[in-house]
Amino acid sequence: MNAFVELGVPVKGINWVRLHPGQTADGRPSLLASMGQNNGGLFVLDIDLATGHCRQFPVGLVGADYPSASMRSLRTGALYVGSAWSGHLHRFDPAHSGRGLEDLGAVDPELATFPTGIQEAPDGSIWIGAYPGACLTRFDPGSGRFTRHGRMDPVEKYLYPLCGDDGTVVTQVKMIRYRLEAIDPRTGEHRAVGPALDEPTNPSRRFIFFKGTDGLLYLECDQVNFRLAGFAAIPVDRVPPQMPGIHSTIKHGYQEPVLMPGGLRAALTDEEAGIFRTLRLTSANSAVPTREVTLDWQGGGTKIFLIHLGPDRRIYGSSYMPEHLFRCELDGTGMTDLGQCSLSLGDAHSMINYGDGLMAIASYPAARVSLYDPRQPFRFGLGPGSNPLDLGSLDDGEIAYRPHTMATSPDGRIWIGSVPNYGLRSGPLACYDPKTGHRKTHRELVPDASPNCMLWLPALNQMLIGLGTEEGSGVQVKRDAGAFVLWDTERDQLAYAGDFGVANLADVVSLAPADRDGLVYALSARPAYLVVDFGAKPAPTQLLLLNPARRAVVARSPVPPEAGPLPVFSYDILRTGDDGAIYLVLATGVFRVTPGTCELTPVWKMPADTIDSAGPLVGRRLFFATGWNLRCVDI
């Protein structure tokens, strides 16, 4: 009988937080907030500015986790929220709070899962841009009707609208190529307007689309600035300051302090730590003292992205937006949300033990690296004495973005493989030497491929790297197959790149030593999100037994579809047991690999739910996560 144990909910954080200033019907300052979470979905707060007490209004729609776009109407005071990944539009009107957070319907059922921007036109209509269809939709609050204008670009996925006070509606298309597409609100005709930027990641180029303080739309370029009016881009010598708030397509994250009617300024002072509890209120009248209130919102639970066995034999893990590091004992006791471990605040994509009892954490976005000593007090920061210490991105944030994998070489260096930044192709390999601080990045190992997993091979004195087809967000997959790379860490150069003769190789998502003759197990699979979001072709899942020295496949066997799909977070799902056997963790259960073969035997079936993230196998106990729940089972 397998002992299945619920260990708890380690993190109850929130994400996609925005403050929305306004006023009540009788003219008093009003402050709303939109917040996202996984367990229970997103919610809206109506904040009592005197006490910090929050009236909390849940979304009530399954899958509506993140308020990825939000805007409070300057006309009516109603708050509009676009939810991801449901792709719906919602409305909260504080003047009619009894209605709660209303579900107005799907933005575009065919093209929208992730609203990217919401704007209000002078006639009161609401315009929504969305991913992945780069689509534009108009909502009429009076009639409750949607007018779906469809794609604004045949290839791109991201779209961000702005509305000028003169009635002009223009959208910015991203991520491969930046350009503007204007639309006539009366007829629905749309066409390109103004210049385009073919090098969006070039820091020397300038392409800033925004709404000015005069209420009109502008584009700042390298040498010429433009005012957008209808379908025209009119050159201008000067542009006004940007209108504060959400009226720019370059500010998608958390925001600066907001100014409410009457001159009261509000700011969340702990947002950089991903806490969002302390609201500071500052009056324009210097005679009125600044004060702080504590928000009493209630969180339900944040998804667990990664689980790791630390050097102190404790369980560590990372939640997903916000990225908090948590810890507990092997029996689940002492569960603690340690808090922020990186400026990234997305999630830890990989962790590794190194040196004498130390841990390294690589985080999304920007593949930032943090170093942590579990024996010392937890005090996150960027300077001396910080623990974890955020070192930043090894390539200054230019290329690496999602650090899927880490490994160490015998000389003590830490190696990190990542998917590239938005709009880029080919993920890099980076290394960091904790003894000297030296860091280096190799831009591309294999064209149009990114590192997913790594394994040190003592017999060859080389690093085996498994690559997949994932590109930077917004880019379509170009390859059908991943690859294997052998990397000479001493010479810091490529020794081999190829497929080891594996037919129908998909993405290499996991590696594990076979514990005999230098052989290695690998899993070839195609994660579902690559098919849905990146346009990759579906591919069968195969278990492979490799001989890296001969650069050949020894055995292989398909993983039958009835065995179940990959976990949602589907990397590093081959586990080595104390008995020397290899275990494969799928969403629906665990399988044992017969040593020296690719034969699978089921050893445990998940009784309900799914395994979303596979953690370490400690003795016979496998740790894993389902959503926000940390669990374990003895196999």
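Looking at Tyr401 and the list (1) more than 20 Å from Tyr432 (Cα to Cα); (2) not in a loop (DSSP other than H, G, I, E, B), which single condition is not satisfied?
Only one criterion is unmet by Tyr401, namely (1).
Just the residues that are polar (S, T, N, Q), crowded, with 16+ Cβ neighbours inside 10 Å and in a strand (DSSP E or B), please, taken from segment 601-632. Please lay out each step first, then the result.
Kept after step one, since they are polar (S, T, N, Q), are these residues of segment 601-632: 601, 610, 613, 626, 629.
Filter once more, keeping what is crowded, with 16+ Cβ neighbours inside 10 Å: 610, 613, 626, 629.
Hits for segment 601-632 are Ser613, Thr626, Asn629.
Just to verify a result, which residue in segment 356-398, among those that are part of a strand (DSSP E or B) and among the aromatic types (Phe, Trp, Tyr), is farthest from Pro420 (Cα to Cα)? Break it down into steps so the answer makes sense when it comes.
Looking only at segment 356-398, we keep the residues that are part of a strand (DSSP E or B), and these are 358-364, 368-372, 379, 381, 387, 389-393.
Going one step further and asking which of them are among the aromatic types (Phe, Trp, Tyr), we end up with 364, 372.
On the way: Tyr364: 11, Tyr372: 25 Å.
Per the criteria, the residue is Tyr372.
Going residue by residue through segment 387-395, is there one that turns out to be crowded, with 24+ Cβ neighbours inside 10 Å, without any contact (Cβ under 8 Å) to a residue 60 or more places away in the chain and either hydroxyl-bearing (Ser, Thr, Tyr) or assigned by TED's automatic domain parsing to the domain that holds Ile176 (or both)?
Within segment 387-395, one or more residues are crowded, with 24+ Cβ neighbours inside 10 Å, without any contact (Cβ under 8 Å) to a residue 60 or more places away in the chain and either hydroxyl-bearing (Ser, Thr, Tyr) or assigned by TED's automatic domain parsing to the domain that holds Ile176 (or both).
Ala552 fails exactly one of the following numbered conditions: (1) free of Cβ contacts under 8 Å to residues at least 24 places away in the same chain; (2) surrounded by fewer than 15 Cβ atoms within 10 Å (Cβ to Cβ); (3) among the aliphatic types (A, V, I, L, M). What is the number of that condition?
(1)
Please verify whether Ile208 is touching a residue at least 24 places away in the same chain (Cβ under 8 Å) and in a loop (DSSP other than H, G, I, E, B), treating the condition exactly as stated.
It is false that Ile208 is touching a residue at least 24 places away in the same chain (Cβ under 8 Å) and in a loop (DSSP other than H, G, I, E, B).
Among the candidates Gly498, Gly564, single out the residue that is farther than 22 Å from Ser613 by Cβ and not aliphatic (A, V, I, L, M).
On the way: Gly564 fails: farther than 22 Å from Ser613 by Cβ.
Checking each option against the conditions leaves just Gly498.
When you go through Ala106, Ala130, Ala78 one by one, which is the residue that is touching a strand residue (DSSP E or B) at 6+ places or on another chain (Cβ under 7 Å), farther than 24 Å from Asp46 by Cα, touching a residue at least 12 places away in the same chain (Cβ under 8 Å) and surrounded by fewer than 22 Cβ atoms within 10 Å (Cβ to Cβ)? Don't jump to the end; show me each part of the working.
On the way: Ala130 fails: surrounded by fewer than 22 Cβ atoms within 10 Å (Cβ to Cβ); Ala78 fails: farther than 24 Å from Asp46 by Cα.
Exactly one residue qualifies, and that residue is Ala106.
Could you please find all residues in segment 570-600 being assigned to a loop (DSSP other than H, G, I, E, B) and under 15 Å from Asp515 (Cα atoms)?
Just the residues of segment 570-600 that are assigned to a loop (DSSP other than H, G, I, E, B), to begin with: 570-573, 577-581, 587-588, 594-599.
Correct list: Gly577, Asp578, Asp579, Gly580, Ala581, Thr594, Pro595, Gly596, Thr597, Cys598.
Is there any pair with a first residue in segment 451-467 that is buried (at least 24 other Cβ atoms within 10 Å of the Cβ) and part of a strand (DSSP E or B) and a second that is modelled with pLDDT under 95 and not acidic (Asp, Glu) whose Cβ atoms are under 9 Å apart and which are 6 or more apart or on different chains, and what are they?
Filtered contacts from segment 451-467: Asn452/Tyr571; Cys453/Tyr571.
If the requirement is being at negative phi and more than 22 Å from the chain's Cα centre (by Cα), which of these qualifies: Asp356, Asp337?
Values: Asp337 fails: more than 22 Å from the chain's Cα centre (by Cα).
When all the criteria are applied, what remains is Asp356.
Please determine, by comparing only the residues of segment 262-295 that are in contact with a Pro (Cβ under 9 Å, 6 or more places away or on another chain) and part of a strand (DSSP E or B), which one is surrounded by the most Cβ atoms within 10 Å (Cβ to Cβ).
Ranking the qualifying residues of segment 262-295, first place goes to Leu268.
Step by step: first the residues of segment 128-167, then only those that are hydrophobic (A, V, I, L, M, F, W, C) and assigned to a loop (DSSP other than H, G, I, E, B), then the one that is nearest to Ala229 (Cα to Cα). Which residue is that? Step through it out loud before you land on a result.
Filtering segment 128-167 down to residues hydrophobic (A, V, I, L, M, F, W, C) leaves 128, 130, 134-136, 139, 146, 152, 155, 159, 162-163.
Right, trim to assigned to a loop (DSSP other than H, G, I, E, B) and you get 134, 152, 155.
On the way: Ala134: 22, Met152: 18, Val155: 25 Å.
Selected residue: Met152.
If I ask for residues that are outside any loop (DSSP other than H, G, I, E, B) and of a type in the set (Val, Ile, Thr), which ones from segment 296-338 would you list? Spell out how you get there, then give the answer.
Here is the first cut: in segment 296-338, the ones outside any loop (DSSP other than H, G, I, E, B) are 304-309, 315-319, 324-328, 336-338.
Passing the criteria: Ile304, Ile307, Ile315, Thr336.
Would you be able to tell me the number of residues in segment 180-192 that are in contact with a strand residue (DSSP E or B) (Cβ under 8 Å, 6 or more places away or on another chain) and either surrounded by fewer than 22 Cβ atoms within 10 Å (Cβ to Cβ) or outside the structural domain of Tyr158 (by TED's automatic domain parsing) (or both)? Outline the logic, then answer.
Looking only at segment 180-192, we keep the residues that are in contact with a strand residue (DSSP E or B) (Cβ under 8 Å, 6 or more places away or on another chain), and these are 180-185, 188-192.
Retained after the next criterion (residues that are either surrounded by fewer than 22 Cβ atoms within 10 Å (Cβ to Cβ) or outside the structural domain of Tyr158 (by TED's automatic domain parsing) (or both)): 184-185, 188-192.
Qualifying residue count for the region: 7.
Which condition from (1) surrounded by fewer than 20 Cβ atoms within 10 Å (Cβ to Cβ); (2) touching a His at 6+ places or on another chain (Cβ under 7 Å); (3) not aromatic (Phe, Trp, Tyr) is the one that Thr51 breaks?
Condition (2) is where Thr51 drops out.
The values are calculated or read from the model by the stated rules, or taken from the named source; none is laboratory data. Here the structure is a predicted model, which is why all the values come from computation and not from measurement. All Cβ positions, even for glycine, are placed from backbone atoms using ideal geometry, and neighbour counts span all protein chains on display.
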